Each structure stands twice: as structure tokens, then as C-alpha cells.
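The values are calculated or read from the model by the stated rules, or taken from the named source; none is laboratory data. Quantities reported herein were computed from a predicted structural model and do not represent experimental measurements. We place every Cβ from the backbone using ideal geometry, glycine too, and count neighbours over all the protein chains shown.
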Amino acid sequence: MSTSQIRTTLQVCFVDRPNQAFTARAVYELTDPYAVQLHFPAPGGTSAVIWTFARDLLVRGLDEAGRWPLGQGDVSIGPAETGDYVEITLFPHGPAPRKLFARRDELTSFVAQIYRRVPNGREDEWIDWSAAWSRLYRELGRAA
């Protein structure tokens, strides 16, 4: 495992197929400290489908689960019917939303690992601002 990443394996299932669990991966890139990713196996197993969303959404979804789902974009996180699970809803640009169950303890452990490496309020320290500005200037140069 790269020292610039925190990864964990999750057992997840679609809400409409609770007995068909599969493995997904939660990934946190230290160089992108405000985001987390969920990697799902793609049909055929050749690559992964990756959903990226705010680290804060995951944290708040776990902390406030039991009240209501959080998130207004492509991902929402909220309580499942049992307290051991969290419901993650993915809103692809096409078919209906996909609702998944993930174990709360696996996600809570993942968040704890993240905060040990990058405490809340210290995310900016992990950003290479020179590289970010260089990328921005390159992109602006291409757009001109």
C-alpha cells in the first residue's frame, strides 16, 4: 500500500439484493485531503468504477446517521434500517439511483485512520500548492 493513501476493503450490497455482498474499496489520497473515493468492481472485472465525494460528507453521514440522509449531489449517506449499516445512495447520470448498504464499523474505522493521518482543520498542509497552481495555469493556457 502506498504511504500516500489510506485504503480499506468494504463488504457492501445493493439494498434490493442484501444477500449478494461484494467487495468495494474505500480510498483516501493524502494529496487530495478533502475527498474520499469508493471503488466498485466494474462489470467484467477489468477496472473499477470510482465515486469521489467530500470527506466531510462521509464523516457527517456517519456522525449524524439516524437523523436523515446527507448529501445533495451525486452521493448521499444516511441511516440504514439497522444501526450496524449505513445506506449510501449513488446518483448516476442515467438510470435510477443505486442504494447500497455498507457496514458502519468498517467506515468508522476508515475515518479514524484518515483523522490520525490528516486531522480535521489540517487538510491544507497536505496540498502541494505550487503543483496545484501550475496545473491551473496549464489548464488556463489550453483554454485560451
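General remarks:
- Subset of segment 1-20 (residues that are surrounded by 11 or more Cβ atoms within 10 Å (Cβ to Cβ), touching a Lys or Arg at 6+ places or on another chain (Cβ under 7 Å) and not in a strand (DSSP E or B)): VAL15
- Cβ separations smaller than 7 Å between residues 6+ apart or across chains give the following pairs from segment 5-34 residues that are within 21 Å of ASP128 (Cβ to Cβ) to residues that are among the acidic types (Asp, Glu) and in a strand (DSSP E or B): GLN5/GLU29.
- Unique residue being farther than 22 Å from SER109 by Cβ, out of contact with any Leu (no Cβ under 6 Å at 6 or more places or on another chain) and of a type in the set (D, E, K, R) when the list is ARG25, ARG17: ARG17
- Residue in segment 105-127 that is closer than 22 Å to GLN20 by Cβ and hydroxyl-bearing (Ser, Thr, Tyr) present: no
- Condition met for LEU70 (surrounded by 14 or more Cβ atoms within 10 Å (Cβ to Cβ), closer than 28 Å to ASN120 by Cβ, at pLDDT below 90 and under 15 Å from the mean Cα position of the chain (by Cα)): yes
- The set of residues from segment 21-37 being part of a strand (DSSP E or B), more than 11 Å from GLN5 (Cα to Cα) and hydrophobic (A, V, I, L, M, F, W, C) comprises PHE22, ALA24, ALA35.
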